[in-house]
């Protein structure tokens, strides 16, 4: 690749001199000392060849280079002892950027690589891959974040950000001096899945995995499959009965020889790690259906724990204070249970002649406007499905009882999905009357009073009055008496605190389970091997739920493609020759089973020695400093690496006069 | 054009994916990670789709290049994925469960096996034209690598613009330029297909009353994405007519969706959020500019989207509820917007002036598979998905759909759907092949 064709031609920064802390002679002396020390370190490690470090600095299209002077950074770190190549690229993560790295390793014999770019969360794996393609051990690689921790954080201090970048890179170069090749930890993969939740998400995930030939344990806490969909009638946009969708999925999971279906059962404990989760299921396993516990060993866990409809507080829009105020699920049940031949809508002893639907109840809550939930937080999120549900119900009501006046009070109409806009259009055509309010100014729902402040005697006026500042009539204050109010309630996460604690699952500000990346990895969580399906992650409609379940299933299927699971190698290791078996480290370890004392034969004697379970060790390092004999090290984060890192961090930064290999790239 | 019934090699992928945007790449990766062989077919000269051209993505404000480039790279380097660019799917015929996919490989006039992506040809070429990747704002040569982070990094020659001067061939160090290259039609056999053909934006002129073709300062949403991209055509936000730094920018929502008069009655689902996102980025890039979003309903329905919308409001972006009736170009390249607002009873019909207007055009299907393949489309033109409990199934057995090909959706919903489609393919193949498929452990799950 001859990418080195056009130079950016940026003039050298005027502040260039500021970065020099000592004169050249002084630096030269330091340089020699550091080189000497490194040579001694290498000698001790039995690898006397001088390392060849390549440093690659990313412009990130300008995200970094608009602030950090990357050319100067490259020039200066190019002079740090051990650095043989120092290059800049516009997008290091792009294919040409990666290719340059692997090529340099092969052609120039680099044996250590530093990339200074964005957060390692984004691209550490990317560059480990590029390093591997150069036939270099991917752990002889160091990632430096000069974007989130550099250019973005210090946007208004380019010189400071540049100096910081140089320091961070020299520290990484230092750390690499004592880095050792590491291998992924390979452990058995129990290629079976546990799916928690028997709603449509759980059933879909289980059915897909089973159809792929994978054994599934499907655990549902209630006695019935289908979850929240059991509470629904016809569903948008297909207008099929919810029960048909449930029945179709139920047919796929029942009597399926790949699926163990456990109703009335609960997952009471989970420990272990990807490929090796030990779970305890409590269910009717005992004699005569009595409750008992059984263990299950699975490789992946799909959480399909779903949602609960928001339950308004007592008195919120008169809910639970006036029987004429109901929620959407209650209204749907009411319609479901109504005699199909009914000529009028009778409720609570009244003939219902007007119904108001109120959007965003328990969703899109604003600071200072809405009363917080009992835990002090607001449901700031949109529940995504309520608009279409309300319009579907409003339309159905108008069609069934054309004499009933139907009102819709909304902030925005969010009929975004395929076929959903039609509900809005048709509701308008069928005479549903729309009112629009500002979020800061929600409608008031009150008992209807006459002019003297008494409840009206007449049965004609609706018992409930909604007052609203209506933006469709340019802010007019309107009072609408109605017979019934339907609160369009949103979704809240199911109460699964036990699972959250035992699996150590992250949750978001909205209390739903938190995915790894809200854009790119919506069904994975920070705990490897645990996947999210459906509304446990966020509100979504039926189709989106089924897609999320399919996506969770495919991730599990991919995890099961290999006989072994591969875990990152950053775990503690014990030097048995130094360990005295005192066990101080074991008492410090927070992760059950990760570090234990085992009996070993040493010189014909049985002694105790600490041993690490690589699958359970999280690499926190708590055991390392407590060992009086320095018998413990954390692979990839060894103490001598920290020392050389500090050396790198504290070393004087050279002048920018002499020219190492410095290439400007596209 | 030459035709051959079989590719030269005996390569027979387990699945062929039509389109290598984010949907196609995600499906390909999810299949390839299970050990299945995937052929990813892309009409353009690079994989990456629309996403690689975006500035940042909502609501995380991740730079789009930074999160798309790794997906592209992962697809390109995956041992189980092969990529064909500059290739169109011209038809699919299905015989006893086997799909024969007709692929039209467009001549690139560059031998990809020889091209090393050095770009010497590009620098030697004298024929320049507006760069489609930059939405026509920058310049591109008649022979060029598609864009900086394109995959593959191979030059492609555009015969319409080439003057056949031969400079490129003279500088090419590997003799990769082949002026006599022919387009070729090949037929590839496979067991499963995923349609991930994505979207196009409807045209700027779809609403003639917006006079978009009469002013360079009425731009498409994708053009604004490029202006905002850190590596965009100007490296900063300038208005196209005269290079002025805009001081008053308008976003006109539903400028090509939710509008029965132009045949797009549906919601395109992403325009509200991308407009809010670009408004936020603009207020960072141009701190003193006024930014106004004209909307009917703000549809911030996804995870974290409502909070993003509220943040934009708090940042001082003006949200005006009202449909823009007409846009007229006026003096100095500025624009006059006639708006009916619903907020001020005294002043319902307003004329507002801006110096740059972004139209939030709607999404329409990029490809109509109902011509030449057994896949039916619905009345909205997107692929029909008749199975309620399998939203990625099409009307054709063994052919699935992912992403915007099955209706507008944002990136995260596309990623989930791409995974779901991949899962359907893998279980479909498993069922189809029975005993030949991977066998997993079959001892009981429950123990003790």
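The values are calculated or read from the model by the stated rules, or taken from the named source; none is laboratory data. Please read all numbers here as calculations on a predicted model, not as lab measurements. Backbone-built Cβ (ideal geometry, glycine too); neighbour counts: all protein chains shown.
If you go through region A:403-437 and keep only what is over 37 Å from the mean Cα position of the chain (by Cα) and either within 8 Å of chain B (Cβ to nearest Cβ) or assigned to a loop (DSSP other than H, G, I, E, B) (or both), you end up with A:403, A:404, A:430, A:431, A:432.
Here region A:541-551 is the region considered, the condition is being crowded, with 24+ Cβ neighbours inside 10 Å and more than 7 Å from every other protein chain (Cβ to nearest Cβ), and the residue that is farthest from residue B:415 (Cα to Cα) is A:542. Might you let me know whether region B:239-260 holds any residue that is within 13 Å of another protein chain (Cβ to nearest Cβ), under 18 Å from the mean Cα position of the chain (by Cα) and buried (at least 18 other Cβ atoms within 10 Å of the Cβ)? Scanning region B:239-260, I find at least one residue that is within 13 Å of another protein chain (Cβ to nearest Cβ), under 18 Å from the mean Cα position of the chain (by Cα) and buried (at least 18 other Cβ atoms within 10 Å of the Cβ), so the answer is yes. Return only the number of the condition from (1) in contact with a helix residue (DSSP H, G or I) (Cβ under 8 Å, 6 or more places away or on another chain); (2) more than 23 Å from residue A:312 (Cα to Cα) that residue A:388 does not satisfy. In the conditions (1) in contact with a helix residue (DSSP H, G or I) (Cβ under 8 Å, 6 or more places away or on another chain); (2) more than 23 Å from residue A:312 (Cα to Cα), residue A:388 misses (2) alone.
Here is a yes/no grid of residues against (1) within 19 Å of residue B:69 (Cβ to Cβ); (2) assigned by TED's automatic domain parsing to the domain that holds residue B:76; (3) surrounded by fewer than 22 Cβ atoms within 10 Å (Cβ to Cβ):
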{"position": "B:134", "(1), (2), (3)": "yes, no, yes"}
{"position": "B:139", "(1), (2), (3)": "no, no, yes"}
{"position": "B:151", "(1), (2), (3)": "yes, no, no"}
{"position": "B:154", "(1), (2), (3)": "yes, no, no"}
{"position": "B:160", "(1), (2), (3)": "no, no, yes"}
{"position": "B:164", "(1), (2), (3)": "no, no, yes"}
{"position": "B:169", "(1), (2), (3)": "no, no, yes"}
{"position": "B:173", "(1), (2), (3)": "no, no, yes"}
{"position": "B:178", "(1), (2), (3)": "no, no, yes"}
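Selection of region A:524-540 for residues being closer than 16 Å to residue A:499 by Cβ and more than 8 Å from chain B (Cβ to nearest Cβ) yields A:525, A:526, A:527, A:529, A:530, A:531, A:532, A:533, A:534, A:535, A:536. Only one entry of B:48, B:97, B:35 meets the criterion of being surrounded by fewer than 18 Cβ atoms within 10 Å (Cβ to Cβ) and within 14 Å of another protein chain (Cβ to nearest Cβ), and that entry is B:35. Checked against the criterion of being farther than 25 Å from residue B:264 by Cβ and surrounded by fewer than 19 Cβ atoms within 10 Å (Cβ to Cβ), the candidates A:355, A:406, A:369, A:361 yield just one match: A:369. A count restricted to region A:489-523 and to residues that are at the interface with chain B (Cβ under 10 Å from one of its Cβ atoms) and either within 9 Å of the chain's Cα centre (by Cα) or without any contact (Cβ under 8 Å) to a residue 12 or more places away in the chain (or both) stands at 10. Of the strands (runs of 3 or more DSSP E) lying entirely inside region A:191-301, those containing at least 1 residues that are more than 9 Å from chain B (Cβ to nearest Cβ), in contact with a helix residue (DSSP H, G or I) (Cβ under 8 Å, 6 or more places away or on another chain) and surrounded by fewer than 24 Cβ atoms within 10 Å (Cβ to Cβ) are A:259-262, A:266-273. Residues that are modelled with pLDDT of 95 or more, in a loop (DSSP other than H, G, I, E, B), at the interface with another protein chain (Cβ under 7 Å from one of its Cβ atoms) and out of contact with any helix residue (DSSP H, G or I) (no Cβ under 9 Å at 6 or more places or on another chain) within region B:386-445 comprise just one, B:407.
The residue list B:68, B:60 contains one member that is more than 28 Å from residue B:179 (Cα to Cα), at the interface with chain A (Cβ under 10 Å from one of its Cβ atoms), modelled with pLDDT under 95 and touching a strand residue (DSSP E or B) at 6+ places or on another chain (Cβ under 8 Å), which is B:60.
Here residue A:572 fulfils each of the conditions (1) over 30 Å from residue A:420 (Cβ atoms); (2) out of contact with any helix residue (DSSP H, G or I) (no Cβ under 7 Å at 6 or more places or on another chain); (3) within 14 Å of chain B (Cβ to nearest Cβ) apart from (3).
May I ask you to verify whether residue A:538 is crowded, with 24+ Cβ neighbours inside 10 Å, out of contact with any strand residue (DSSP E or B) (no Cβ under 6 Å at 6 or more places or on another chain) and either under 29 Å from residue A:192 (Cβ atoms) or at pLDDT 95 or above (or both)? Here the answer is yes, as residue A:538 does meet what is asked. Selection within region A:345-375: residues that are outside any loop (DSSP other than H, G, I, E, B) and within 14 Å of chain B (Cβ to nearest Cβ). The member of this set that is farthest from the chain's Cα centre (by Cα) is A:359. The residues of region A:640-658 that are in contact (Cβ under 8 Å) with a residue 40 or more places away in the chain and in a helix (DSSP H, G or I), listed by number, are A:640, A:641, A:642, A:643, A:644, A:645, A:646, A:647, A:648, A:649. With respect to (1) within 26 Å of residue B:229 (Cα to Cα); (2) surrounded by 16 or more Cβ atoms within 10 Å (Cβ to Cβ); (3) modelled with pLDDT under 95, the lone exception for residue B:322 is condition (1). Among the conditions (1) closer than 19 Å to residue A:548 by Cα; (2) away from chain B (no Cβ under 11 Å); (3) surrounded by 24 or more Cβ atoms within 10 Å (Cβ to Cβ), residue A:308 misses just one, which is (3). Here residue B:299 meets each of (1) surrounded by 22 or more Cβ atoms within 10 Å (Cβ to Cβ); (2) more than 14 Å from chain A (Cβ to nearest Cβ) with one exception, condition (2). Considering region A:461-482 alone, what residues qualify as being more than 10 Å from residue A:435 (Cα to Cα), within 14 Å of another protein chain (Cβ to nearest Cβ) and part of a strand (DSSP E or B)? Across region A:461-482, the qualifying residues are A:476, A:477.
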